[in-house]
Amino acid sequence: MAREKIIRVLVVDDSILMRKIIASGIGTDKNIEVIGTAEDPYAARDKIIELEPDVITLDINMPKMDGIEFLKKLIPQYPVPVVVVSSRSTKIFDALSAGAVDFVTKPGINDDSNLNLFVEELIAKIKIASVSSVCKNMQNLDNRIIHDKHKRNFRDSIIAIGASTGGTEATASILKELKNDLPGILIVQHMPPVFTKMYADRLNNSCSMDVKEAEDGDNIYPGRVLIAAGEYHLRLIREKGAFKVSSKKEPRVNSHCPSVDVLFDSVAEKCPKNSMGIILTGMGNDGAKGLLHMREKGAFTVGQDEKTSVVYGMPMVAYNTGAVSKRCSLELIPKMIYRWANNIE
(Lines give C-alpha, C1' and ligand atoms only; values in the text may rest on other atoms or scores of the structure.)
Protein backbone atom coordinates (compact mmCIF):
# COMPACT_ATOMS: atom_id res chain seq x y z
CA MET A 1 0.00 0.00 0.00
CA ALA A 2 1.45 3.38 -1.05
CA ARG A 3 2.31 5.74 1.75
CA GLU A 4 0.30 8.95 1.86
CA LYS A 5 2.17 12.07 0.83
CA ILE A 6 3.62 14.10 3.69
CA ILE A 7 2.42 17.73 3.57
CA ARG A 8 5.26 20.13 4.33
CA VAL A 9 3.95 23.21 6.18
CA LEU A 10 5.48 26.60 6.98
CA VAL A 11 3.84 28.41 9.94
CA VAL A 12 3.86 32.23 9.77
CA ASP A 13 2.70 34.19 12.84
CA ASP A 14 4.21 37.08 14.80
CA SER A 15 3.20 35.49 18.13
CA ILE A 16 5.73 33.02 19.56
CA LEU A 17 2.94 31.32 21.50
CA MET A 18 0.70 30.89 18.43
CA ARG A 19 3.61 29.57 16.38
CA LYS A 20 4.21 26.94 19.04
CA ILE A 21 0.51 26.06 19.37
CA ILE A 22 0.05 25.71 15.60
CA ALA A 23 3.32 23.87 14.95
CA SER A 24 2.91 21.39 17.81
CA GLY A 25 -0.80 20.91 17.10
CA ILE A 26 -0.68 20.18 13.38
CA GLY A 27 2.55 18.26 13.83
CA THR A 28 0.65 15.53 15.67
CA ASP A 29 -0.87 14.45 12.37
CA LYS A 30 1.20 11.72 10.71
CA ASN A 31 0.73 13.29 7.27
CA ILE A 32 1.91 16.78 8.20
CA GLU A 33 5.48 17.92 8.75
CA VAL A 34 6.16 21.42 10.04
CA ILE A 35 9.32 22.34 8.16
CA GLY A 36 9.72 25.82 9.64
CA THR A 37 8.20 28.87 11.27
CA ALA A 38 8.51 32.60 10.57
CA GLU A 39 7.64 35.66 12.65
CA ASP A 40 6.99 38.11 9.78
CA PRO A 41 6.53 38.15 5.99
CA TYR A 42 10.18 38.94 5.29
CA ALA A 43 11.40 35.91 7.23
CA ALA A 44 8.61 33.91 5.58
CA ARG A 45 9.72 34.94 2.09
CA ASP A 46 13.25 33.66 2.74
CA LYS A 47 11.99 30.36 4.14
CA ILE A 48 9.59 29.84 1.23
CA ILE A 49 12.53 30.09 -1.16
CA GLU A 50 14.72 27.88 1.02
CA LEU A 51 12.23 25.22 2.13
CA GLU A 52 9.60 25.15 -0.68
CA PRO A 53 6.60 24.32 1.54
CA ASP A 54 3.46 22.59 0.23
CA VAL A 55 1.15 24.77 2.38
CA ILE A 56 1.57 27.94 4.45
CA THR A 57 -0.47 28.97 7.49
CA LEU A 58 -0.53 32.76 7.67
CA ASP A 59 -1.56 35.32 10.27
CA ILE A 60 -3.05 38.57 8.95
CA ASN A 61 -1.97 41.10 11.59
CA MET A 62 1.81 41.13 11.58
CA PRO A 63 4.61 43.72 11.83
CA LYS A 64 6.52 45.14 8.84
CA MET A 65 3.88 43.91 6.34
CA ASP A 66 0.39 42.54 6.99
CA GLY A 67 -0.67 39.16 5.72
CA ILE A 68 -2.91 40.54 2.98
CA GLU A 69 -0.16 42.61 1.39
CA PHE A 70 2.14 39.61 1.70
CA LEU A 71 -0.41 37.43 -0.11
CA LYS A 72 -0.67 39.94 -2.95
CA LYS A 73 3.10 39.82 -3.40
CA LEU A 74 3.47 36.08 -2.75
CA ILE A 75 0.85 34.40 -4.92
CA PRO A 76 1.96 35.80 -8.32
CA GLN A 77 5.56 34.69 -7.67
CA TYR A 78 5.09 31.56 -5.55
CA PRO A 79 1.59 30.07 -5.97
CA VAL A 80 1.65 28.16 -2.67
CA PRO A 81 -1.71 27.25 -1.05
CA VAL A 82 -2.28 29.44 2.02
CA VAL A 83 -4.61 28.86 4.98
CA VAL A 84 -5.15 32.09 6.91
CA VAL A 85 -5.21 31.86 10.71
CA SER A 86 -6.66 35.02 12.21
CA SER A 87 -9.21 36.56 14.54
CA ARG A 88 -12.80 37.22 13.45
CA SER A 89 -12.58 40.11 11.02
CA THR A 90 -13.75 41.20 7.59
CA LYS A 91 -10.05 41.16 6.67
CA ILE A 92 -10.51 37.42 6.19
CA PHE A 93 -12.36 38.16 2.94
CA ASP A 94 -9.58 40.50 1.78
CA ALA A 95 -7.19 37.60 2.32
CA LEU A 96 -9.39 35.23 0.29
CA SER A 97 -9.60 37.84 -2.47
CA ALA A 98 -5.80 38.07 -2.43
CA GLY A 99 -5.44 34.33 -3.03
CA ALA A 100 -5.75 32.45 0.28
CA VAL A 101 -7.47 29.08 -0.10
CA ASP A 102 -9.33 29.08 3.23
CA PHE A 103 -9.28 30.37 6.79
CA VAL A 104 -9.46 29.26 10.42
CA THR A 105 -10.26 31.58 13.31
CA LYS A 106 -7.90 31.81 16.27
CA PRO A 107 -9.23 30.35 19.53
CA GLY A 108 -8.94 31.67 23.05
CA ILE A 109 -5.52 30.63 24.35
CA ASN A 110 -6.85 29.35 27.70
CA ASP A 111 -9.76 27.35 26.29
CA ASP A 112 -8.48 23.78 25.83
CA SER A 113 -11.65 22.49 24.12
CA ASN A 114 -11.60 25.31 21.57
CA LEU A 115 -7.87 24.82 21.04
CA ASN A 116 -8.45 21.17 20.20
CA LEU A 117 -11.23 22.03 17.75
CA PHE A 118 -9.01 24.74 16.22
CA VAL A 119 -6.19 22.26 15.62
CA GLU A 120 -8.56 19.67 14.13
CA GLU A 121 -10.07 22.25 11.76
CA LEU A 122 -6.66 23.59 10.76
CA ILE A 123 -5.35 20.09 10.01
CA ALA A 124 -8.40 19.38 7.84
CA LYS A 125 -8.03 22.63 5.91
CA ILE A 126 -4.29 22.16 5.42
CA LYS A 127 -5.04 18.79 3.82
CA ILE A 128 -7.67 20.35 1.54
CA ALA A 129 -5.31 23.21 0.66
CA SER A 130 -2.57 20.73 -0.26
CA VAL A 131 -4.68 19.39 -3.14
CA SER A 132 -6.11 22.75 -4.22
CA SER A 133 -5.31 24.92 -7.20
CA VAL A 134 -4.29 28.43 -6.21
CA CYS A 135 -6.80 30.89 -7.68
CA LYS A 136 -6.00 32.69 -10.87
CA ASN A 137 -7.18 36.24 -11.33
CA MET A 138 -10.41 36.11 -13.29
CA GLN A 139 -10.83 38.58 -16.11
CA ASN A 140 -13.93 40.74 -16.29
CA LEU A 141 -16.41 38.97 -18.48
CA ASP A 142 -17.38 40.04 -21.97
CA ASN A 143 -19.95 37.42 -22.81
CA ARG A 144 -22.54 39.61 -24.52
CA ILE A 145 -24.99 38.87 -21.75
CA ILE A 146 -28.61 39.60 -22.60
CA HIS A 147 -30.16 41.64 -19.80
CA ASP A 148 -33.61 42.17 -21.24
CA LYS A 149 -36.54 40.38 -22.86
CA HIS A 150 -36.54 37.68 -20.18
CA LYS A 151 -39.11 34.98 -20.83
CA ARG A 152 -39.49 33.52 -17.35
CA ASN A 153 -41.88 34.50 -14.60
CA PHE A 154 -39.20 35.49 -12.12
CA ARG A 155 -41.52 35.54 -9.11
CA ASP A 156 -42.06 31.82 -9.65
CA SER A 157 -38.40 30.98 -10.39
CA ILE A 158 -35.38 30.26 -8.19
CA ILE A 159 -31.61 30.07 -8.65
CA ALA A 160 -29.78 27.97 -6.04
CA ILE A 161 -25.98 27.98 -5.59
CA GLY A 162 -23.81 25.73 -3.42
CA ALA A 163 -20.08 26.07 -2.70
CA SER A 164 -17.32 25.29 -0.23
CA THR A 165 -13.53 25.81 -0.39
CA GLY A 166 -12.81 28.60 -2.87
CA GLY A 167 -16.49 29.43 -3.09
CA THR A 168 -16.46 32.85 -1.46
CA GLU A 169 -14.53 34.35 -4.37
CA ALA A 170 -16.22 32.18 -7.01
CA THR A 171 -19.69 33.26 -5.88
CA ALA A 172 -18.62 36.89 -5.60
CA SER A 173 -17.24 36.85 -9.14
CA ILE A 174 -20.59 35.53 -10.44
CA LEU A 175 -22.79 37.98 -8.53
CA LYS A 176 -20.70 40.97 -9.62
CA GLU A 177 -21.62 40.17 -13.23
CA LEU A 178 -25.38 40.03 -12.57
CA LYS A 179 -27.87 42.86 -12.60
CA ASN A 180 -30.91 42.98 -10.30
CA ASP A 181 -33.06 41.66 -13.16
CA LEU A 182 -33.05 37.99 -12.17
CA PRO A 183 -35.08 35.64 -9.97
CA GLY A 184 -34.26 35.35 -6.28
CA ILE A 185 -30.99 33.55 -5.55
CA LEU A 186 -30.38 31.25 -2.56
CA ILE A 187 -26.79 30.42 -1.61
CA VAL A 188 -25.20 27.90 0.71
CA GLN A 189 -21.51 28.58 1.32
CA HIS A 190 -19.83 26.36 3.90
CA MET A 191 -18.81 28.97 6.47
CA PRO A 192 -19.03 29.37 10.25
CA PRO A 193 -21.45 31.72 12.06
CA VAL A 194 -20.69 35.46 12.11
CA PHE A 195 -18.72 35.19 8.87
CA THR A 196 -21.86 34.48 6.81
CA LYS A 197 -23.27 37.86 7.93
CA MET A 198 -19.96 39.59 7.12
CA TYR A 199 -19.90 37.86 3.73
CA ALA A 200 -23.48 38.83 2.88
CA ASP A 201 -22.82 42.47 3.83
CA ARG A 202 -19.65 42.50 1.74
CA LEU A 203 -21.49 41.14 -1.31
CA ASN A 204 -24.33 43.61 -0.81
CA ASN A 205 -21.82 46.45 -1.10
CA SER A 206 -20.17 45.08 -4.23
CA CYS A 207 -22.98 43.90 -6.52
CA SER A 208 -26.25 45.14 -8.01
CA MET A 209 -28.52 42.68 -6.24
CA ASP A 210 -29.86 43.03 -2.70
CA VAL A 211 -27.84 40.57 -0.57
CA LYS A 212 -28.46 39.60 3.05
CA GLU A 213 -27.89 36.73 5.46
CA ALA A 214 -31.04 34.61 5.46
CA GLU A 215 -33.45 34.72 8.39
CA ASP A 216 -36.36 32.38 8.95
CA GLY A 217 -39.38 33.58 6.97
CA ASP A 218 -37.51 35.95 4.67
CA ASN A 219 -39.34 36.68 1.43
CA ILE A 220 -37.76 35.83 -1.91
CA TYR A 221 -38.22 38.22 -4.80
CA PRO A 222 -36.45 39.14 -8.05
CA GLY A 223 -33.15 40.89 -7.47
CA ARG A 224 -32.68 39.47 -3.96
CA VAL A 225 -29.92 37.11 -2.77
CA LEU A 226 -30.15 35.23 0.54
CA ILE A 227 -27.01 33.64 2.05
CA ALA A 228 -27.52 30.70 4.41
CA ALA A 229 -26.51 31.58 7.98
CA GLY A 230 -23.71 29.59 9.59
CA GLU A 231 -25.06 26.60 11.56
CA TYR A 232 -28.54 27.01 10.00
CA HIS A 233 -29.97 24.90 7.18
CA LEU A 234 -31.58 26.95 4.41
CA ARG A 235 -34.70 25.64 2.64
CA LEU A 236 -37.08 26.99 0.03
CA ILE A 237 -40.69 26.98 1.22
CA ARG A 238 -43.96 28.25 -0.24
CA GLU A 239 -46.59 30.08 1.81
CA LYS A 240 -49.84 31.37 0.34
CA GLY A 241 -48.43 30.96 -3.15
CA ALA A 242 -45.26 32.97 -2.46
CA PHE A 243 -41.68 31.76 -2.02
CA LYS A 244 -39.98 32.24 1.34
CA VAL A 245 -37.11 30.57 3.18
CA SER A 246 -36.86 28.43 6.24
CA SER A 247 -33.67 28.90 8.28
CA LYS A 248 -33.39 26.31 11.06
CA LYS A 249 -30.66 25.16 13.44
CA GLU A 250 -30.65 21.39 12.90
CA PRO A 251 -28.22 18.44 12.84
CA ARG A 252 -25.50 18.48 10.21
CA VAL A 253 -26.01 16.84 6.83
CA ASN A 254 -22.90 15.52 5.03
CA SER A 255 -20.98 16.95 8.02
CA HIS A 256 -22.21 20.45 7.16
CA CYS A 257 -24.70 22.98 8.47
CA PRO A 258 -25.73 24.69 6.28
CA SER A 259 -25.76 21.87 3.74
CA VAL A 260 -26.03 22.32 -0.02
CA ASP A 261 -28.02 19.09 -0.33
CA VAL A 262 -30.67 20.43 2.06
CA LEU A 263 -31.13 23.56 -0.07
CA PHE A 264 -31.12 21.74 -3.42
CA ASP A 265 -33.59 19.10 -2.21
CA SER A 266 -36.01 21.80 -1.07
CA VAL A 267 -35.78 23.58 -4.43
CA ALA A 268 -36.40 20.28 -6.24
CA GLU A 269 -39.61 19.81 -4.26
CA LYS A 270 -40.96 23.38 -4.16
CA CYS A 271 -39.84 24.72 -7.56
CA PRO A 272 -39.08 21.64 -9.66
CA LYS A 273 -39.13 22.87 -13.25
CA ASN A 274 -38.54 26.60 -13.05
CA SER A 275 -35.25 26.52 -11.17
CA MET A 276 -31.52 26.53 -11.84
CA GLY A 277 -28.97 24.78 -9.63
CA ILE A 278 -25.26 25.68 -9.65
CA ILE A 279 -22.54 23.73 -7.83
CA LEU A 280 -19.16 25.40 -7.39
CA THR A 281 -15.71 24.58 -6.08
CA GLY A 282 -15.38 22.62 -2.83
CA MET A 283 -14.14 19.46 -1.16
CA GLY A 284 -16.42 16.47 -0.62
CA ASN A 285 -19.79 15.49 -2.05
CA ASP A 286 -22.28 17.89 -0.44
CA GLY A 287 -24.78 19.03 -3.06
CA ALA A 288 -24.35 16.19 -5.55
CA LYS A 289 -27.48 14.24 -4.52
CA GLY A 290 -29.55 17.39 -4.19
CA LEU A 291 -28.46 18.65 -7.61
CA LEU A 292 -29.35 15.28 -9.15
CA HIS A 293 -32.74 15.54 -7.44
CA MET A 294 -33.20 18.98 -9.03
CA ARG A 295 -32.22 17.74 -12.48
CA GLU A 296 -34.53 14.72 -12.24
CA LYS A 297 -37.40 17.09 -11.35
CA GLY A 298 -36.75 19.23 -14.42
CA ALA A 299 -34.32 21.94 -13.26
CA PHE A 300 -31.39 23.19 -15.32
CA THR A 301 -28.14 22.37 -13.52
CA VAL A 302 -24.60 23.71 -13.92
CA GLY A 303 -21.29 22.48 -12.49
CA GLN A 304 -18.05 24.44 -12.36
CA ASP A 305 -15.24 22.84 -14.37
CA GLU A 306 -11.98 21.49 -12.96
CA LYS A 307 -9.72 24.14 -14.47
CA THR A 308 -11.36 27.05 -12.63
CA SER A 309 -12.15 25.22 -9.38
CA VAL A 310 -9.91 25.75 -6.37
CA VAL A 311 -10.90 22.23 -5.27
CA TYR A 312 -12.61 20.05 -7.86
CA GLY A 313 -14.51 17.86 -5.41
CA MET A 314 -18.18 18.78 -5.09
CA PRO A 315 -18.66 19.65 -8.79
CA MET A 316 -16.76 16.52 -9.84
CA VAL A 317 -18.97 14.20 -7.76
CA ALA A 318 -22.08 15.97 -9.07
CA TYR A 319 -20.89 15.60 -12.67
CA ASN A 320 -19.94 11.93 -12.24
CA THR A 321 -23.37 11.09 -10.80
CA GLY A 322 -25.19 12.70 -13.73
CA ALA A 323 -26.45 15.69 -11.77
CA VAL A 324 -24.93 18.33 -14.09
CA SER A 325 -26.75 19.43 -17.25
CA LYS A 326 -23.89 21.72 -18.29
CA ARG A 327 -20.29 21.89 -17.08
CA CYS A 328 -18.48 25.16 -17.72
CA SER A 329 -15.82 27.54 -16.48
CA LEU A 330 -16.49 29.99 -13.68
CA GLU A 331 -16.21 32.86 -16.16
CA LEU A 332 -19.08 31.50 -18.26
CA ILE A 333 -21.55 30.82 -15.44
CA PRO A 334 -23.10 34.35 -15.48
CA LYS A 335 -23.76 33.91 -19.18
CA MET A 336 -25.37 30.52 -18.49
CA ILE A 337 -27.63 32.18 -15.92
CA TYR A 338 -28.86 34.73 -18.45
CA ARG A 339 -29.29 32.08 -21.14
CA TRP A 340 -31.48 30.12 -18.71
CA ALA A 341 -33.38 33.31 -17.86
CA ASN A 342 -34.16 33.71 -21.56
CA ASN A 343 -35.11 30.06 -22.09
CA ILE A 344 -32.11 29.43 -24.33
CA GLU A 345 -30.34 26.82 -22.23
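Numbers at a glance
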{"quantity": "Per-region count, segment 230-274, residues part of a strand (DSSP E or B), of a type outside the set (A, V, I, L, M, F, W, C) and farther than 25 Å from T165 by Cβ", "calculated": "4"}
{"quantity": "Single match in M18, M62 (criterion: hydrophobic (A, V, I, L, M, F, W, C) and assigned to a loop (DSSP other than H, G, I, E, B))", "calculated": "M62"}
{"quantity": "Residue within segment 46-59 that is surrounded by fewer than 19 Cβ atoms within 10 Å (Cβ to Cβ) and not in a helix (DSSP H, G or I) present", "calculated": "yes"}
{"quantity": "Test set (1) modelled with pLDDT of 95 or more; (2) closer than 14 Å to G277 by Cα; (3) aliphatic (A, V, I, L, M) - A341 fails condition number", "calculated": "(1)"}
{"quantity": "Check on V302, touching a residue at least 60 places away in the same chain (Cβ under 8 Å) and touching a Cys at 6+ places or on another chain (Cβ under 7 Å)", "calculated": "no"}
{"quantity": "Any chance K125 is among the basic types (K, R), at pLDDT below 75 and either assigned to a strand (DSSP E or B) or not assigned by TED's automatic domain parsing to the domain that holds K270 (or both)", "calculated": "no"}
{"quantity": "Hits in segment 324-345 (condition: part of a loop (DSSP other than H, G, I, E, B), buried (at least 17 other Cβ atoms within 10 Å of the Cβ) and under 20 Å from the mean Cα position of the chain (by Cα))", "calculated": "V324"}
{"quantity": "Residue check, R238 basic (K, R), surrounded by fewer than 22 Cβ atoms within 10 Å (Cβ to Cβ) and in contact with a Ser or Thr (Cβ under 9 Å, 6 or more places away or on another chain)", "calculated": "no"}
{"quantity": "Residues of segment 65-80 classified as in contact with a Gly (Cβ under 9 Å, 6 or more places away or on another chain) and in a loop (DSSP other than H, G, I, E, B), total", "calculated": "1"}
{"quantity": "Of all residues in segment 160-199 being in a loop (DSSP other than H, G, I, E, B) and hydroxyl-bearing (S, T, Y), the one that is surrounded by the fewest Cβ atoms within 10 Å (Cβ to Cβ)", "calculated": "T165"}
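The values are calculated or read from the model by the stated rules, or taken from the named source; none is laboratory data. Since this is a predicted model, take the numbers as computed values, not measurements. Here Cβ is always computed from backbone atoms with ideal geometry, including for glycine, and neighbour counts include all displayed protein chains.
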